[in-house]
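Here's the structure we're looking at; comments come further down.
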Amino acid sequence: MAVVADKPAVWCKGVVKTYGKGDAAVRALRGVDLEVHRGELLMLVGPSGCGKTTLISVIAGVLDRDGGECSVLGEDFRALGPAGTTRFRAKNVGFVFQAFNLIPTLTIADNVSVPLLINGVRRQEAHRAACEMLEKVGLGARTGELPNRLSGGQQQRVAIARALVHGPRLLVCDEPTSALDHATGGKVMELLAGVAKQGGLSLVVVTHDARIFEFADRIAEMDDGRIVRLSAGQSHKHAAAAPQQGAK
Amino acid sequence: MIRLALRMLLGDTSKLFGIVMGVTLASLVITQQGSIFVGIMSRTYAVVSDMGAPDIWVMDPKVQYIDDVKPLQDTELFRVRGVEGVAWAAPLYKGLTRARLEDGTFQNCVILGLEDSTLTGGPPRMLEGKVSDLRRADAVIVDQIGATTRFARRDADGRSTPLRVGDEMELNDRRAVVVGISGNTRSFQSQPLIYTTYSRATAFVPKERKLLSFVLVTAGEGVDPASLCRRISMETGLAAYTREEFKGKTVRYFLENTGIPINFGIAVGLGFFVGTVITGFMFFNFTMDNLRYFGTLKAMGAPGGRLLSMVVVQAVWVALVGYGMGVGLAALMGQLSKGSPLAFHMPWQLLVVSGLATLIISLTAAVVSMHKVLSLEPAAVFKG
Ligand SMILES: Nc1ncnc2c1ncn2[C@@H]1O[C@H](COP(=O)(O)OP(=O)(O)O)[C@@H](O)[C@H]1O
Ligand SMILES: [Mg+2]
């Protein structure tokens, strides 16, 4: 049925998350309503401390919500349980971090293999797939090098290869360009948007970097634990962008 | 993932060095001190192990160890011979006496008197002369360590000349002639050993009513020594032990009645403790440095068990390498000390013990780290 295909990748209603208890309690999410469409690149913006990281942590299944409803790719993490959620992440979610988080003592090919190894793919096969993915992000010639031999932009491209290598359906990126200069950040974003569009996967990108808004399909503004505004992005300006998806 | 765990460990050379050093140090101290301890302990029964022949030692039931001689009536020998399953039984005299050397100095020594006809229980090796030379008049055989140390003659200019075949000494005012030099295991008390015949030995010592120290028994073909021991003690009322039992009894006496085990216990315990602390600290440090990456793996969907097995693999690698280096160094030190008076004996049992200790040290170190890894919130990975 078409209904299934039209179901959003992420659907949240009234999601609440509080850190700590009593006087020290911080209400990081105060009822978040959000949909992320399939194949969409949604940017999450807002002042520091407004709950962006908390929200993508809940969406990615690395943090339990306290209340509200949330379904990701048709699954509710509460129903899956901790072990099921871990398996879900391994299979369906890709992560890109501000600080890249590449393991410094592993070659970039080994770093990129990690999600495949976690999914039980054999070493040789994982390595081959990692090299192919590195080829796609333009680092095919450097597979045997250690991360610290690469520039920041290159390292983030390795991280993107790692996030995509196992064919996830959802990518969460926390400030992927804020450690990079503008030109490099732009290139990284372009790569991210381009690869995502090809694979038809959904992206949630947290950023305060207004200079990369042009890559967004939609922009969700957060303040004080809530989504306060949703607006269309400017991705249609981009030649690389695939036909617009997700708009109702 | 296991390969990745090792690559993570091996990639950080300086940390790795510290961790491995901790384990190496511990396994070195434990193995080396343990070897010296075992070496010293095996010297306590040197007389028993050097006497290859008998299957069974028979003695007064009150005897606690090899040097604790409680003389028996000579007639006990015949009673032992009468027990079924005994192929043959020989008397052994073991006692202490004072030797007066040619230069007039006195020296305490252990005297062993062997059955006149068979010379049962003679030295394990002869370096000069033959055991049968003991049949000559006034003949004694002296062990080489005694001959070159306590029995050696000091010249005026400080040079020492070892006792040689043909030299004479006085034992209890009776003349004795050295007819051979034997190679023996170094003993715990390190007194010189003198072998002679049973009848001559009893003449070399002050007259006593009873002189028989031990009866050395060889079991008949197909007779089980352990059950023969039981039969001998049942029928004679004497104590009978197999050679291994008597060694064990002797060692136990020294373990229970001297400070040696405590001293070594402290050294070994200290090695264990210091090793655990250093290794634990270094390993924890290593894990803390890698916590961000463990968190990343966790976020990416690596289950807790996988992460734990990574930590365990790292700890086991460290244990193996540290153990190998520690035991290797200990063996090297043992090799270098060969020929010196240092006691050093490294039986496989000790290697198993120090191996287990090393593994415990590494796993203890890992447990602290594991706790950190397991309690890690995967969401923490997004924190700067
Ligand atoms: N682990 C935590 N424990 C307590 N408070 C936290 C924790 N993580 C985040 N917070 C608080 O929750 C609020 C939202 O944090 P976060 O989601 O990281 O915001 P953002 O990513 O938008 O900067 C902040 O006030 C922050 O201090
Ligand atoms: Mg944040």
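The values are calculated or read from the model by the stated rules, or taken from the named source; none is laboratory data. Treat the numbers as computed from the prediction; the structure is a model and nothing was measured. Glycine gets a Cβ as well: all are built from the backbone with ideal geometry, and neighbour counts include every protein chain shown. Note: accessible area is taken over every heavy atom of the protein model, side chains too, but ligands, DNA and RNA are not part of it. Shrake-Rupley method; radii C 1.70, N 1.55, O 1.52, S 1.80 Å.
A few notes on this one:
- Of residues in region A:26-45 being within 11 Å of ligand 1 (Cβ to nearest atom) and open to solvent by 40 Å² or more (accessible area, probe 1.4 Å), the one farthest from A:Glu75 (Cα to Cα): A:Val26
- Any hit, region A:68-90, residues being within 13 Å of chain B (Cβ to nearest Cβ) and within 16 Å of ligand 2 (Cβ to nearest atom): no
- Residues (open to solvent by 70 Å² or more (accessible area, probe 1.4 Å), under 20 Å from A:Cys50 (Cα atoms) and either more than 16 Å from ligand 2 (Cβ to nearest atom) or more than 14 Å from chain B (Cβ to nearest Cβ) (or both)) located in region A:7-22: A:Trp11, A:Lys13, A:Lys21
- Any hit, region B:197-220, residues being closer than 21 Å to B:Gly104 by Cα, within 28 Å of the chain's Cα centre (by Cα), assigned to a loop (DSSP other than H, G, I, E, B) and in contact (Cβ under 8 Å) with a residue 40 or more places away in the chain: no
- Within region B:291-310, the set of residues being within 12 Å of A:Ile103 (Cβ to Cβ) and of a type in the set (D, E, K, R) comprises just one member, B:Arg292.
- Taken over region B:294-318, the criterion of being more than 8 Å from chain A (Cβ to nearest Cβ) and without any contact (Cβ under 8 Å) to a residue 12 or more places away in the chain is satisfied by B:Gly305 alone.
- Residue list for region A:46-60, filter: open to solvent by less than 10 Å² (accessible area, probe 1.4 Å) and more than 6 Å from ligand 1 (Cβ to nearest atom): A:Leu55, A:Ile56, A:Ser57, A:Val58, A:Ile59, A:Ala60
- Hits in region A:213-235 - residues which are crowded, with 21+ Cβ neighbours inside 10 Å, away from ligand 1 (no atom under 16 Å from the Cβ) and either among the aromatic types (Phe, Trp, Tyr) or modelled with pLDDT of 85 or more (or both): A:Phe215, A:Ala216, A:Asp217
- Residues that are small (Gly, Ala, Ser) and over 14 Å from the mean Cα position of the chain (by Cα), drawn from region A:195-240: A:Ala210, A:Ala220, A:Gly225, A:Ser231, A:Ala232, A:Gly233, A:Ser235, A:Ala239, A:Ala240
- In the set (1) modelled with pLDDT of 95 or more; (2) facing another protein chain (nearest Cβ under 10 Å); (3) open to solvent by 30 Å² or more (accessible area, probe 1.4 Å), the condition left unmet by A:Arg123 is number (1).
- Positions within region B:372-384 being part of a helix (DSSP H, G or I) and either open to solvent by 60 Å² or more (accessible area, probe 1.4 Å) or away from ligand 2 (no atom under 14 Å from the Cβ) (or both), in sequence order: B:Lys372, B:Val373, B:Leu374, B:Pro378
- Annotation: of all residues in region A:61-87 being surrounded by fewer than 20 Cβ atoms within 10 Å (Cβ to Cβ) and under 25 Å from A:Ser113 (Cα atoms), the one that is nearest to ligand 1 (Cβ to nearest atom) is A:Pro82.
- Residue in region B:346-358 that is within 24 Å of the chain's Cα centre (by Cα), hydroxyl-bearing (Ser, Thr, Tyr) and farther than 30 Å from B:Asn184 by Cβ present: yes
- Check on B:Leu291, modelled with pLDDT under 90, surrounded by fewer than 22 Cβ atoms within 10 Å (Cβ to Cβ) and within 12 Å of another protein chain (Cβ to nearest Cβ): yes
- A:Val93 at the interface with chain B (Cβ under 8 Å from one of its Cβ atoms), within 17 Å of the chain's Cα centre (by Cα) and more than 22 Å from A:Lys7 (Cβ to Cβ): no
- Note on region B:326-371: residues that are touching a residue at least 40 places away in the same chain (Cβ under 8 Å), of a type outside the set (A, V, I, L, M) and open to solvent by 80 Å² or more (accessible area, probe 1.4 Å) amount to 2.
- Scan region A:47-67 for residues that are more than 7 Å from chain B (Cβ to nearest Cβ) and either within 16 Å of ligand 2 (Cβ to nearest atom) or without any contact (Cβ under 8 Å) to a residue 12 or more places away in the chain (or both) and the total you get is 12.
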